[in-house]
Amino acid sequence: ANFDLVVLLAPVEKNSNISPIEIPYEHPNLKVIAVPLLDFTGLGKSIKSFVSLPGIIFKMWMAMRASDHIHLRCPGNMGLLGCWVQRFFPKTTKTVKYAGNWDPQSSQPFTYRLQRKMLNNPAVFKNTRVLVYGHWPDSADHILAFFTASYFKKDIVPIEKKLNSPTEPLKLLFVGSLIKDKNPLLALKSLHHLLAKNISAHLDFCGDGDQYGILLDYIQRHKLEGNVTLRGNVAAAELKEFYKQADFLVFLSESEGWPKVVAEAMFFGCVPITTPVSCVAEMLNHGERGDLIGKDPTEVVGVINTYLQDPKLFEQKSQEAMKWSNKFTLELFEKEIKKLVYV
């Protein structure tokens, strides 16, 4: 462990079902300070949250005062509150992980734009490094383009992917929450268009969410049961095998920060077909390590048709994707975090 004590101040859900995609915090000396959830989506919840604010602010102030280093996660309600409270501790070293889209031109909720404006202001955040995804021209000097990681060096394996013969189906993959913003239905429609063009393919969905029923209804109405599998949330070890086997990740999301599923797919040579949100264009080197398209299922068909006509191009992009992503291991992540904390 790199710290004698780690204090986590956050809302805590009790007696909740643990999903296969959730992993526990691991530290020999972890202290959890539970606070009420801040939720302003309705009148009743807003009143309850406002009543809770003084107590949360006091606990946050006390925890920050006792800390040698303060770390905030933004954007979010707790992160926004932390942005205000941290101003009482200008001499304490701080890091902030901005897990959302830092692109100033992107569509963002008001509170997200407010947090971005505060974080980008060195007068508000002293002694702080703000970790964002991608390089953006309006960023202040204390803003640092960063990354995240999912795998260790030992997880790197030699993979040489080739497109299957015409008699074997292409393997497509969607990974992520089955929610509207991630557009899982567009991935499903992409498969449907491929089949309509007599291109044999199978699509695996790894994830769960409120779009599950919509996907299931579409599958049944169009008789796609033999070409689609809804697997729900899968454990990390099982997910690695899906990445290794898949030819393409189809991920037409509305907004991301650093989409881990894109980097994870690339780690195992799975070529991403994705929307150019946030820093994704940088991740794919503007098309050299995958394909950037709009939210249009027919564009997926066009991209895959190109690879079927030029399999060597697919093999090249698969290797380039893997070569790039294999650099961003958990070992490197820990090394870079230490540089930020121990200054």
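Quick notes on this structure:
- Residues being more than 22 Å from LYS14 (Cβ to Cβ), surrounded by 13 or more Cβ atoms within 10 Å (Cβ to Cβ) and of a type outside the set (Gly, Ala, Ser) - total across the stretch 41-61: 2
- Residue match in the stretch 114-128 (condition: in contact (Cβ under 8 Å) with a residue 60 or more places away in the chain and not assigned by TED's automatic domain parsing to the domain that holds SER318): no
- Checked against the criterion of being over 26 Å from LYS240 (Cβ atoms) and either among the charged types (D, E, K, R) or within 18 Å of the chain's Cα centre (by Cα) (or both), the candidates ASP296, ASP291 yield just one match: ASP296.
- Residues of the stretch 166-191 that turn out to be touching an Asp or Glu at 6+ places or on another chain (Cβ under 6 Å), crowded, with 24+ Cβ neighbours inside 10 Å and not aliphatic (A, V, I, L, M), as a count: 0
- For the stretch 258-282, residues that are in contact with a Lys or Arg (Cβ under 9 Å, 6 or more places away or on another chain) and over 22 Å from HIS202 (Cβ atoms) total 1.
- Residue check for LYS260: surrounded by fewer than 21 Cβ atoms within 10 Å (Cβ to Cβ), charged (D, E, K, R) and under 28 Å from PRO75 (Cβ atoms): yes
- Set side by side, the residues PRO20, PRO28, PRO11, PRO24 differ, and just one is in the same structural domain as CYS74 (by TED's automatic domain parsing) and farther than 22 Å from SER177 by Cα, which is PRO28.
- Selection count, the stretch 252-272, where residues are farther than 19 Å from ALA149 by Cα and touching a Leu at 6+ places or on another chain (Cβ under 7 Å): 1
- Every residue from the stretch 1-40 that is of a type in the set (Val, Ile, Thr), more than 20 Å from TYR342 (Cβ to Cβ) and surrounded by 10 or more Cβ atoms within 10 Å (Cβ to Cβ): VAL12, ILE21, ILE23, VAL32, ILE33, VAL35
The values are calculated or read from the model by the stated rules, or taken from the named source; none is laboratory data. Model, not experiment: these values are computed from the prediction. Glycine gets a Cβ as well: all are built from the backbone with ideal geometry, and neighbour counts include every protein chain shown.
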